Amino acid sequence: MEFNEYQDAAKRTLYGTEQVLTNCAMGLAGETGQVVDLVKDYTFKGHPLDREQLVHELGDVMWYLSQIAEWADIPFDEVASKNIETLNRRYPNGFNKQA
């Protein structure tokens with residue numbers, strides 16, 4: 001699935017027209033916190049990393065990201081490609097601890 005295709009499909013579940021940006025930003029923070037909790041429990045509490053739950057939470061994060069971009073009239077493909085451009089500029093030979 002392409003990013004813009006995902007963004008378009010996801011917006012059909014967007015609720016409300018007022019304060020959408022605030023709602024999505026707060027939702028993004030909450031879902032990111034759930035990802036952090038899964039990693040924390042794995043890293044510090046010795047819990048197995050629940051892959052299915054991680055996929056679910058990452059999907060929720062992606063939904064909120066896509067809808068923030070939708071609100072701002074930014075194609076989600078643009079967000080992804082600009083991020084890759086930034087990574088390529090920062091790390092032209094890939095990431096290396098010694099570099």
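Would you confirm, using the coordinates I've provided, whether GLU52 is surrounded by 13 or more Cβ atoms within 10 Å (Cβ to Cβ) and either farther than 19 Å from LYS11 by Cβ or among the acidic types (Asp, Glu) (or both)? Against the criterion (surrounded by 13 or more Cβ atoms within 10 Å (Cβ to Cβ) and either farther than 19 Å from LYS11 by Cβ or among the acidic types (Asp, Glu) (or both)), GLU52 does not qualify.
Of all residues in segment 39-58, those that are over 22 Å from ILE68 (Cβ atoms) and either in contact (Cβ under 8 Å) with a residue 40 or more places away in the chain or part of a helix (DSSP H, G or I) (or both) total 10.
If you go through segment 10-24 and keep only what is surrounded by fewer than 15 Cβ atoms within 10 Å (Cβ to Cβ), of a type outside the set (S, T, N, Q) and at negative phi, you end up with LYS11, ARG12, TYR15, GLU18, LEU21.
If you take the residues in segment 73-87 that are without any contact (Cβ under 8 Å) to a residue 12 or more places away in the chain and not in a helix (DSSP H, G or I), which one is surrounded by the fewest Cβ atoms within 10 Å (Cβ to Cβ)? By that ranking, first place goes to ASP73. Sub-7 Å Cβ pairs linking a first residue in segment 1-20 that is assigned to a helix (DSSP H, G or I) to a second residue that is modelled with pLDDT of 95 or more and among the aromatic types (Phe, Trp, Tyr), at least 6 apart or interchain, are PHE3/PHE76; ASN4/PHE76; TYR6/PHE76; GLN7/PHE76; ALA10/TRP63, ordered by first then second residue.
GLY27 meets each of the listed conditions (1) among the small types (Gly, Ala, Ser); (2) modelled with pLDDT under 95; (3) outside any loop (DSSP other than H, G, I, E, B) apart from (2).
The values are calculated or read from the model by the stated rules, or taken from the named source; none is laboratory data. Only a predicted model underlies this, so the values are computations on that prediction, with no experimental measurement involved. Cβ sites come from the backbone with ideal geometry, for glycine too, and all protein chains shown count toward neighbours.
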